[in-house]
Amino acid sequence: MPALFEMGLDKLKQYKGTNPRPANFDEYWERALKEMNAVDPEIELIPAGFQVPFAECFDLYFTGVKGARIHAKYIRPKNTKEKHPAVIMFHGYSGNCGSWQSKLCYVAAGFSVAALDCRGQGGLSEDKGGVKGNTYNGHIIRGLDDPDPDNLLFRQIYLDTAQLAKIVMSFPEVDENRIGVLGGSQGGGLTLACGALEPRIKKLAPTYPFLCDYKRVWDMDLAKDAYAELKTYFRQFDPRHEREDEIFTKLGYIDVQFLAERIRGEVLMGTGLQDTVCPPSTQFAAYNRIKSKKHMVIYPDFGHEGLPDFDDMVYEFMMGL
């Protein structure tokens, strides 16, 4: 059974979110995609210092929206004559794309692998800045005080995921119709965002996705850990909550639950019902809006931590590409 801090599982399976959806949400993202598609990515593939006998490892750089140079690790198997599938990986909040060796199980199975460094976090991608208002702490709230919602930082990060997918699909060795995406926490939210903004993605495997249903997090008094910056923002910039509706509506532009409706690929999600970092209801808010084929693996006694055997399930899921 879910923990006492959450609603019952029967209600979770019906829950469709609390955060307000901006009236021009679809227009907002269509305009964003148009901007992304107009960017010359200026792709660079630089051989990495790390190499293995059966693969080629590269530092991949491209130009994203707002002029930032974005970094990803890219690995492709050697000596393959036919186009093959690829997986794209997204990391947790404030982290980076991880080690080379952690991707080799997919490369050994004949996949190319790309792993994104989110702009301005723990890797090599740039955060060009350029917004008005708070830049002190936290990417969720970056751009909230800018008059133009196009300057929300997570808008640019979501577009980076879609642009990386588009780039990988363009590589001659990759079968553009056999692409999977995966990640946990922030990486889970980015997995859903990528599959929404690049609907050719065939398989998505998010684990306890972050960046969903911000108002629900606030109402549960769980604006801490990964969501702590929500409380910081209100305490510093709206201590009497005079702009609460405006703020949560603006956050709705970068609420993954609303993007999830655009997903066309098959989804395998892992969720722990004791998760107090990304509460289960926020994850269900996104999951319940997905219209494509989907399956959620539920761990009643686990929180925001390793979910036993789920990595193996994801691997087998991706082998079906």
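Give the residues of segment 184-234 that are at positive phi and not aromatic (Phe, Trp, Tyr), sorted by residue number.
Applying the first criterion (at positive phi) to segment 184-234 yields 185, 208, 211, 213, 221, 225.
Hits for segment 184-234 are SER185, LEU211, ASP213, ASP221, ASP225.
For segment 240-255, give me each residue that is outside any loop (DSSP other than H, G, I, E, B) and of a type outside the set (D, E, K, R). Talk me through it step by step, then tell me what you get.
Start the filter on segment 240-255 by keeping residues that are outside any loop (DSSP other than H, G, I, E, B), which leaves 244-254.
ILE247, PHE248, THR249, LEU251, GLY252, TYR253, ILE254 - these are the residues of segment 240-255 that are outside any loop (DSSP other than H, G, I, E, B) and of a type outside the set (D, E, K, R).
Quick one: which residue in GLU35, GLU27 is more than 20 Å from the chain's Cα centre (by Cα), closer than 25 Å to ASP255 by Cα and not in a loop (DSSP other than H, G, I, E, B)? Explain how you work it out, then say what you get.
Numbers: GLU35 fails: more than 20 Å from the chain's Cα centre (by Cα).
It is GLU27.
Under 27 Å from ALA205 (Cβ atoms), of a type in the set (A, V, I, L, M) and part of a helix (DSSP H, G or I): which single residue out of LEU268, LEU259 fits that description?
On the way: LEU268 fails: part of a helix (DSSP H, G or I).
Testing whether each residue is under 27 Å from ALA205 (Cβ atoms), of a type in the set (A, V, I, L, M) and part of a helix (DSSP H, G or I) leaves just LEU259.
If MET169 satisfies every condition in (1) more than 30 Å from LYS78 (Cβ to Cβ); (2) under 20 Å from the mean Cα position of the chain (by Cα); (3) surrounded by fewer than 24 Cβ atoms within 10 Å (Cβ to Cβ); (4) among the aliphatic types (A, V, I, L, M) but one, which is the exception?
(1)
Filtering segment 95-111 down to residues that are assigned to a loop (DSSP other than H, G, I, E, B) and of a type in the set (Phe, Trp, Tyr), which residue is nearest to ARG200 (Cα to Cα)? Give the derivation first.
First, pick out the residues of segment 95-111 that are assigned to a loop (DSSP other than H, G, I, E, B): 95-100, 109-111.
From the residues that got through so far, the ones that are of a type in the set (Phe, Trp, Tyr) too are 100, 111.
Values: TRP100: 26, PHE111: 17 Å.
Taking the candidates together, the pick is PHE111.
Identify all residues within segment 81-94 that are out of contact with any Ser or Thr (no Cβ under 9 Å at 6 or more places or on another chain) and either not acidic (Asp, Glu) or not in a loop (DSSP other than H, G, I, E, B) (or both); write none if there are none. Step through it out loud before you land on a result.
From segment 81-94, those out of contact with any Ser or Thr (no Cβ under 9 Å at 6 or more places or on another chain) are 81-83, 94; that's our starting set.
Residues satisfying the conditions are LYS81, LYS83, SER94.
So which residues in segment 64-80 are in a helix (DSSP H, G or I) and surrounded by 20 or more Cβ atoms within 10 Å (Cβ to Cβ), if there are any at all?
Taking segment 64-80 and keeping what is in a helix (DSSP H, G or I), we get 65-67.
Once the filter is applied, which keeps residues that are in a helix (DSSP H, G or I) and surrounded by 20 or more Cβ atoms within 10 Å (Cβ to Cβ), segment 64-80 yields VAL65, LYS66.
Condition first: touching a Phe, Trp or Tyr at 6+ places or on another chain (Cβ under 7 Å) and either surrounded by 15 or more Cβ atoms within 10 Å (Cβ to Cβ) or in contact (Cβ under 8 Å) with a residue 24 or more places away in the chain (or both). Now tell me which residues in segment 14-47 satisfy that. Even if it seems obvious, please write down each step before you answer.
First, pick out the residues of segment 14-47 that are touching a Phe, Trp or Tyr at 6+ places or on another chain (Cβ under 7 Å): 15, 19-22, 25, 28, 41-47.
Matches in segment 14-47: TYR15, ASN19, PRO20, ARG21, PRO22, PHE25, TYR28, PRO41, ILE43, LEU45.
Would you mind telling me which numbered condition in (1) out of contact with any His (no Cβ under 8 Å at 6 or more places or on another chain); (2) surrounded by fewer than 24 Cβ atoms within 10 Å (Cβ to Cβ); (3) of a type in the set (A, V, I, L, M) VAL174 fails?
(1)
Residues checked against (1) surrounded by fewer than 16 Cβ atoms within 10 Å (Cβ to Cβ); (2) closer than 16 Å to ILE88 by Cβ:
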position	(1), (2)
VAL181	no, yes
GLY195	no, yes
THR207	no, yes
ASP219	yes, no
GLU229	no, no
ARG240	yes, no
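Among the residues of segment 280-321, how many are in a loop (DSSP other than H, G, I, E, B), out of contact with any Lys or Arg (no Cβ under 6 Å at 6 or more places or on another chain) and surrounded by 16 or more Cβ atoms within 10 Å (Cβ to Cβ)? Full working, then the answer.
Pass one, segment 280-321, residues in a loop (DSSP other than H, G, I, E, B): 288-293, 300-309, 319-321.
From what's left, out of contact with any Lys or Arg (no Cβ under 6 Å at 6 or more places or on another chain): 289-291, 293, 300-309, 319-320.
Now drop any that are not surrounded by 16 or more Cβ atoms within 10 Å (Cβ to Cβ), which leaves 289-290, 302-304, 307.
Counting residues in segment 280-321 that are in a loop (DSSP other than H, G, I, E, B), out of contact with any Lys or Arg (no Cβ under 6 Å at 6 or more places or on another chain) and surrounded by 16 or more Cβ atoms within 10 Å (Cβ to Cβ) gives 6.
Looking at segment 50-63, which of its residues are free of Cβ contacts under 8 Å to residues at least 60 places away in the same chain and either of a type outside the set (Asp, Glu) or surrounded by 20 or more Cβ atoms within 10 Å (Cβ to Cβ) (or both)?
Correct list: PHE50, GLN51, VAL52, PRO53, PHE54, ALA55, CYS57, PHE58, TYR61, THR63.
Scan segment 73-85 and report the pairs whose first residue is under 17 Å from GLN51 (Cα atoms) and whose second residue is of a type in the set (S, T, N, Q), with Cβ atoms within less than 8 Å and a gap of 6+ or a chain change.
Note: pairs meeting the criteria are TYR74/SER112; ILE75/SER112; ARG76/SER112; PRO77/SER112.
None of the figures in this text is laboratory data; all of them are computed from the coordinates on show. Predicted, not measured: the structure shown is a model, and the values here were computed from it. FYI the Cβ positions are ideal-geometry reconstructions off the backbone, even for glycines, and counts take in every protein chain you see.
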